[in-house]
Amino acid sequence: MTQHFIVIGNPIAHSKSPEIHSLFGAQAGLDISYQRQYCPDDAASFTAVIEAFFHGGGVGANVTVPFKQVAYECCAARGGLSEHAKVAGAVNTLLLNPTLLTKGVSPAEALYGDNTDGQGLVNHTKRLDWSLQGARVAIIGAGGAARGVVLPLIEAGIGELTISNRTLSKATNLVNELSHASPAINDKQIQTCRTVDLSGEFDIIINATSIGLSGETLPLADQLNCHYAYDMMYGRELPFLQHFAARGAQVSDGYGMLIGQAALSFERWTGHVIDVVQATETLQAQ
Ligand code: NDP
């Protein structure tokens, strides 16, 4: 029997998730249908669409811009949240809480949320052979993507963390909120600074800003260096990566993170562990 999945967002036409998950389905030998689902940009519409999907027998849904926070609130009030979703304050993967279903709770009340974005990034750095153990890491950006990656990075054993942002107050607020949300984060001394003031030697610098969409370039200090530079953006020329590649760093865009988070969602829904290296090769060849 065909298992049904969707990715819900606005806009949604550009999403690569259907191609990625169709490939995963073929790799796992499962009969799946994975569709893009447009939704008007308001919480009531999102809830109505998701309820209809799961009432109709849907197995799982990915959530993308601008609904990750709405999905978080929806699950917090119903079937629950994973630790990563709780700390991130955002949900990118929806499923039904099986324990609640066996107790006779309706699908709408059993909605459960996870967040696989941050672990997708961590898994990609492992595939790249970039060691996180004890690493001195800097994240540039203090929005949703930065928030989602902090706990997975700390769980992966990084040594030091600095979060820099154009607007310093957003970085300090983020660290305060995360420290209250997670004892593991509270145990870590996280430095904050403005992006222009970020300097020194890091093992890994992660660009978690949306600047790549604007064509602008980040104001990076001349004294800022790293062994590895990662940009969460993909599918376009990335001046951030060009800057550090010219200084001898190894660099990567965020396409592997995209596939990594998708593989973890797929595993959550179906129990199948995806061979991400093979899937990436096939997708890149396409
Ligand atoms: P948000 O809108 O939540 O945050 C944007 C961040 O970018 C803020 O820190 C903001 O700084 C900073 N920023 C924006 N414009 C500029 C600029 N001109 N100069 C300096 N800083 C700037 O976005 P998200 O956190 O949701 O997403 C960030 C990026 O991560 C996006 O490019 C997104 O595509 C990517 N992403 C990739 C994923 C993947 O799977 N590869 C998954 C999730 C996200 P300020 O606070 O000062 O405004």
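Assorted remarks:
- Relative contact order (percent, whole number), the chain, Cα cutoff 8 Å, 6+ residue spacing: 15 percent
- Of 68/170; 68/103; 16/170; 86/170, those spanning more than 22 Å from alpha-carbon to alpha-carbon: 68/103; 16/170
- Protein accessible area in the range 144-286, 1.4 Å probe - carbon and sulfur %: 44 percent
- Accessible area per residue for the chain is 45 Å², calculated with a 1.4 Å probe on protein heavy atoms, without ligands, DNA or RNA.
- Between residue 184 and residue 35, the modelled label-to-label distance comes to 3.7 nm, taking each label 7 Å out from Cα in the direction of the beta carbon.
- In this calculation the C-beta distance from residue 282 to residue 102 is compared with R0 = 45 Å, giving a FRET efficiency of 0.75.
- Summarising the strand pairing of the chain, around 15 percent of its internal DSSP beta bridges are antiparallel.
- Percent accessible area from carbon and sulfur atoms, the range 87-132, protein chains only, probe 1.4 Å: 55 percent
- Helical mean residue ellipticity (222 nm; -39500 (n - 2.57) per DSSP H run of 4+; nearest 500) of the chain: -12000 deg cm²/dmol
- Around residue 174: net Lys/Arg minus Asp/Glu count, Cβ-Cβ under 14 Å: +4
- Net +/- balance of residues flanking residue 159 in space, Cβ distance below 14 Å, scoring K and R +1, D and E -1: -3
- Computed over the range 39-143, relative contact order equals 24 percent, with contacts defined as Cα pairs under 8 Å that lie 6+ residues apart.
- Contact order normalised by residue count of the range 193-286, Cα under 8 Å, 6+ apart, percent: 21 percent
- Computed from the C-beta positions of residue 83 and residue 237 and an R0 of 45 Å, the FRET efficiency is 0.80 to the nearest 0.05.
- Charge sum, other residues only, whose C-beta stays under 13 Å from residue 221's C-beta, Lys/Arg counted +1 and Asp/Glu -1: -1
The values are calculated or read from the model by the stated rules, or taken from the named source; none is laboratory data. Model, not experiment: these values are computed from the prediction. Glycine gets a Cβ as well: all are built from the backbone with ideal geometry, and neighbour counts include every protein chain shown. We work out accessible area using only protein heavy atoms, side chains counted, and drop any ligands, DNA or RNA first. Shrake-Rupley method; radii C 1.70, N 1.55, O 1.52, S 1.80 Å.
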